[in-house]
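To keep things clear, I will list the structure first and then write my remarks on it.
The values are calculated or read from the model by the stated rules, or taken from the named source; none is laboratory data. This is a predicted model, so every value here is computed, not measured. Note that we place each Cβ from the backbone using ideal geometry, even for glycine, and neighbour counts take in every protein chain shown. In case anyone asks, the SASA skips ligands and DNA or RNA and just uses the protein heavy atoms, side chains included. Shrake-Rupley method; radii C 1.70, N 1.55, O 1.52, S 1.80 Å.
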Amino acid sequence: MYLFKHVKELKHYLNALRNQNAAIGFVPTMGALHKGHLSLVRAAKKDNVKVVVSIFVNPTQFDDSGDLDAYPRTAPHDIDLLTTENTDMLFMPSEAEIYPPGVDSSNPFDFGKMASIMEGAYRKGHFDGMAQVVRRLLNIVGPDLLYMGQKDYQQQAIVKKMLEMMGSKTRLRTCPIIREPDGLAMSSRNIRLSAEDRKKALLISKTLFEAKKEASLFSLQETRKRALKKLAVPGLKVDYFEVVDAESLAPLMHFEDAKTVVICTTVRVGGVRLLDNIIL
Ligand code: AMP
């Protein structure tokens, strides 16, 4: 695996590959890698000749500097994992490489309600920061295929929209959520859970799985009410539990109002915000 720290060298290497018509897959991450991330790398390896993984904890998508500081950073371990996966290129840039001084790389797109509900309502400017870094990384890597996780449902829906708005040649592949054997969605943040909170966190996926079953028995309002009741336990704080159109992310009144329906939730357990979702 080649490790690149500078945009110039990575671009130079990628240009040579492109001249040989090699299909390039790209997996952007913030590191602290787990099996969820590795599933994206494996999917990318299957579809492409060469795969680039990036690790960059993007400061512009954090509205809370405490959360940014607490974000786990495990570079040596990440490098080991990616080497084992036979990753071709790892890009680990500094902040100055991604946001060179004097260059305006702010997000020019208006995603409307898609970016102001759910995560957008709880993390001010989060999706602007996310779009900013993804657009910059796409401009550097120029992949044929981009791999993201269903785990961050709203994020991948907004990136899909952004690719359309950019008229990009890059196609998005959204990969399924990888879960722990007991159902908890894998997340870099899980290592911050105490043993007791780890047990409580299980209720999130359990409630989503049950909601999917109950959706065929009850109305949307009733299904949502039953789920919220299950999650109303000491130690858990539900930020949102929304039933939305899988494409537009518009909140729904009835399950029949969308071709595909997804339930997205974020629950705080201890000091840790955990995201999960399920497609009905
Ligand atoms: P992150 O490092 O958290 O920014 O995540 C990088 C990519 O990995 C994003 O596209 C995530 O949606 C994806 N990802 C994170 N956790 C999982 C998971 N449990 N299963 C599948 N993909 C995931």
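Structural remarks
- Some residue of the stretch 29-38 being basic (K, R), within 16 Å of the ligand (Cβ to nearest atom), part of a helix (DSSP H, G or I) and within 20 Å of T170 (Cβ to Cβ): no
- Matching residues, the stretch 227-271, being open to solvent by 60 Å² or more (accessible area, probe 1.4 Å), closer than 18 Å to L202 by Cβ and not in a loop (DSSP other than H, G, I, E, B): K229, K237, R268
- Residue list for the stretch 171-217, restricted to those being acidic (D, E) and outside any helix (DSSP H, G or I): E180, D182
- L137 vs. criteria farther than 30 Å from E9 by Cα and in contact (Cβ under 8 Å) with a residue 12 or more places away in the chain: no
- Subset of the stretch 61-86 [in a helix (DSSP H, G or I) and at pLDDT 95 or above]: A75, P76, H77, D78, I79, D80, L81, L82, T83, T84
- The C-beta contact set for the stretch 183-204 (first residue on the phi > 0 side of the Ramachandran plot, second residue of a type outside the set (D, E), distance under 9 angstrom, 6+ apart or interchain) comprises G183/L202; G183/I204; G183/S205; G183/K206; G183/L208; G183/F209.
Quick grid of which residues meet (1) hydrophobic (A, V, I, L, M, F, W, C); (2) within 13 Å of F91 (Cβ to Cβ); (3) loosely packed, with under 14 Cβ neighbours inside 10 Å; (4) touching a residue at least 60 places away in the same chain (Cβ under 8 Å):
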position: M1; (1), (2), (3), (4): yes, yes, no, yes
position: N15; (1), (2), (3), (4): no, no, yes, no
position: A22; (1), (2), (3), (4): yes, no, no, no
position: V27; (1), (2), (3), (4): yes, yes, no, yes
position: S39; (1), (2), (3), (4): no, no, no, yes
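- Within the stretch 53-76, being of a type in the set (D, E) and surrounded by 14 or more Cβ atoms within 10 Å (Cβ to Cβ) holds for one residue alone: D67.
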